[in-house]
1. For a Förster distance of 45 Å, can you work out the FRET efficiency between the beta-carbons of H58 and S109, rounded to the nearest 0.05?
2. Please check which bits of the stretch 288-308 a label hung off T267 would reach, taking the label as a point 7 Å along Cα-to-C-beta and the cut-off as backbone N under 11 Å.
3. With both partners inside the chain, how many of the DSSP beta bridges are antiparallel, as a percent to the nearest 5?
4. Using only Cα atoms, tell me the angle between helix 168-185 and the longest principal axis of the chain; keep it within 0 to 90° and round to the nearest 10.
5. Does the stretch 1-114 come out rounded, prolate or oblate by the C-alpha gyration tensor, with a ≥ b ≥ c the root eigenvalues, rounded set by a/c under 1.5 and, if not, prolate when a/b is larger than b/c and oblate if not?
6. Say the dipole of the chain comes from +1 at the beta carbon of Lys and Arg and -1 at that of Asp and Glu; which of A115, V34, A283 then lies farthest toward its positive end?
7. Stretch V211-D284 to full length: gain in nm at 0.36 nm per residue minus the Cα-Cα span?
8. Using only Cα atoms, tell me the angle between helix 319-328 and the longest principal axis of the chain; keep it within 0 to 90° and round to the nearest 10.
Amino acid sequence: MIRFEQVVKIYAGGQTAVDDLTFEAPTGQITVLVGPSGCGKTTSLRMINRMIEPTSGHISIDDEDVQSVNAARLRRGIGYVIQNAGLFPNKRVVDNVATVPILLGAPRSQARTRAREVLELVGLPGDFADRWPSQLSGGQQQRVGVARALAADPPVMLMDEPFSAVDPVVREQLQDEFLRLQRELGKTIVFVTHDIDEALKLGDQIAVMRVGGKLAQLADPAYLLAHPIDDFVAGFVGRDRGYRALTFAQTPALPLAAEPTVPLGTTPQEARAATRDGWLLVADHGRPVGWVEPEHITAAIEPAMLHRGGTVARATGPLRAALDAALSSPSRRGVITDDDGILLGTVRAHQVLEAIEATDRPEVDEADIAPAGPTSRADR
Ligand SMILES: Nc1ncnc2c1ncn2[C@@H]1O[C@H](COP(=O)(O)OP(=O)(O)OP(=O)(O)O)[C@@H](O)[C@H]1O
């Protein structure tokens, strides 16, 4: 666990960057520091590995005060990932990743073997290792940055806007892969971002900071969305927070209606006989593949005829996904499957809304600042 106790940082010019910061980042979880530009996120992060020294207060890792550890040694034991990856341009990818293990005394060949393993783990197998950083895309460079931080298998990782410099599609992929990795590795991570959506997606708990370096609220994502502590936090988590909170709502049993399906290859005549309201669900071995309008087909059903707009939701997934499935379906019936993608039935938007109405909201805690709840990544 990383613990901040009344940490203050006042820079030489008199600028208070961090003001009386107290919080804990629990072992094996992702704590996200989020807030507007200049609120002291990076300063807070860099005080953990002593790239910046606090003016007063204490930071400890597993009850050991970081001030009592040699700064260079401390840093080698903590993974650190920054925006734009910060790779050494004159070192091949494999040697970038092997840097810390070598500094820690690993023989070069062993460090390189480990580097190749970690590169594979982050989705850069084979010949990527032998390229120069300039021969990689921005997203691939970020992956190398994550691999480099993981190479020495540190229990603690500090990540400063690691996915901000890539386009939104690549960012989503990197976030998904990062969550998958974290489920396997269970590192203690402090992650800085100014993007509330990224914070809500990645954080087991979120520390919202305000300009002046003060902690505004510390809570898990569902609680933060349901109970922002003041106007600043409410504004920061956004106007559509009620809708976004559905991402975290436990799914009650939805009233699913049986939905007739036909396979690919069904003739127009058969399809017209099977439809109830002009739309017909096509499934392949129980897996829904899309909707057709039998009135508008003139040949046996093939993939190119399918309406692809509708999303599919898992029965165990969030209510937001079920609502989206209903709203995006051309038949207005949302397709619901089991975890293996097998059709369970369909649901209408008003039924999802009724389920939402019946859902408990997170309770308001007596304390103004809520502790992170028991929700873990694996549950989402
Ligand atoms: N070396 C420095 N000397 C003086 N002031 C600094 C220094 N570094 C940062 N600051 C100031 O401290 C405050 C906090 O900066 P910090 O970089 O920690 O914020 P941040 O929340 O990470 O911002 P951003 O999201 O823009 O990166 C800012 O007002 C900044 O101008």
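Just so you know, all these numbers are worked out from the coordinates, no wet-lab data involved. Owing to the predicted nature of the structure, the values given are computational and were not obtained by experimental measurement. Glycine gets a Cβ as well: all are built from the backbone with ideal geometry, and neighbour counts include every protein chain shown.
1. Given R0 = 45 Å and the Cβ-Cβ separation, E is 0.65.
2. 300
3. Once the DSSP bridges in the chain are tallied, antiparallel ones form about 55 percent.
4. The answer is roughly 70 degrees.
5. It comes out prolate by the Cα gyration axes.
6. Value: A115.
7. 20.9 nm
8. On a 0 to 90 degree scale, this one is about 50.
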